[in-house]
Amino acid sequence: MFSGIVEAVGTVTAAVPEAGGGLRLVVDAAGLGLKDVAVGDSIAVNGICLTVAARSARNFEADVSRETLACTAGFARGGRVNLEKALRAADRLGGHLVSGHVDDVGIVTRMQRAGANRVIAFRAPAQLAKYIARKGSVTLNGVSLTVNDVRGSGFTVNLIPHTLASTNLGALRAGGKVNLEVDILARYIERLHEKR
């Protein structure tokens with residue numbers, strides 16, 4: 001589990017195709033600090049929970065399955081990726097509970113400055129819209145955010161200067177893609193209310 005509070009922004013230095021349609025990623029994570037990371041640990045990369053397969057002082061490697069590649073974006077060589085180590089039981093939960101199981105890709109539809117902030121509008125896939133609520137939580141590229149407004153499958157978030165500077169969301173442009181994870185609580189509530 002993660003909190004959606006990005007610890008560092010890294011760079012994909014290699015994305016090597018693997019048998020079966022997956023990728024082996026190499027991520028330069030110098031800003032994250034890997035001294036306490038072991039092979040087998042989880043790191044969220046642009047919101048996707050990946051298992052560390054190998055690591056050095058500044059880089060780690062992880063395998064990305066074909067299934068994950070089918071519902072995510074942002075693994076191009078040279079791309080900047082948001083990074084967060086998995087939560088420990090004693091850690092503060094500054095964002096919201098994030099599983100790292102990305103649901104799909106959202107599209108930036110509009111951007112607007114609001115003083116030093118930036119209001120960004122996104123379009124979610126239609127099947128996910130019901131899980132996105134005004135003043136609820138959503139995870140975009142691994143960043144825990146509060147939803148400002150919802151209209152159909154569209155929603156907006158307000159990015160403060162700190163978020164713009166310390167994540168890769170500040171580089172978004174209209175038409176850009178983000179990894180979208182809806183609030184896991186909404187999914188469990190739906191499941192509890194299903195007729196049996």
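The values are calculated or read from the model by the stated rules, or taken from the named source; none is laboratory data. Just so it is clear, the model here is predicted, and its values are computed rather than measured. As a convention, Cβ positions derive from the backbone with ideal geometry for all residues, glycine included, and neighbour counts pool all protein chains shown. With ligands, DNA and RNA removed, areas are computed over all heavy atoms of the protein, side chains included. Shrake-Rupley method; radii C 1.70, N 1.55, O 1.52, S 1.80 Å.
I'd like the residue in segment 24-57 that is open to solvent by 50 Å² or more (accessible area, probe 1.4 Å) and of a type in the set (V, I, T) and, out of all such residues, is nearest to L69 (Cα to Cα). Of everything passing the filter in segment 24-57, T51 is nearest to L69 (Cα to Cα). So how many residues does segment 1-18 have that are in a loop (DSSP other than H, G, I, E, B), open to solvent by 20 Å² or more (accessible area, probe 1.4 Å) and polar (S, T, N, Q)? Final tally of qualifying residues: 0. Taking G21 as the residue in question, decide whether it is open to solvent by 30 Å² or more (accessible area, probe 1.4 Å), assigned to a loop (DSSP other than H, G, I, E, B), touching a helix residue (DSSP H, G or I) at 6+ places or on another chain (Cβ under 7 Å) and not polar (S, T, N, Q). Criteria met by G21. The residues in segment 169-196 that are within 16 Å of M1 (Cβ to Cβ), of a type in the set (D, E, K, R) and open to solvent by 50 Å² or more (accessible area, probe 1.4 Å) can be counted, and the count is 1. Counting only residues that are of a type in the set (D, E) and either part of a loop (DSSP other than H, G, I, E, B) or at positive phi (or both), segment 66-103 holds 2 of them.
Looking at this structure, is Q112 outside any loop (DSSP other than H, G, I, E, B), closer than 28 Å to E67 by Cβ and not hydrophobic (A, V, I, L, M, F, W, C)?
On the way: outside any loop (DSSP other than H, G, I, E, B): yes; closer than 28 Å to E67 by Cβ: no; not hydrophobic (A, V, I, L, M, F, W, C): yes.
The answer is no for Q112.
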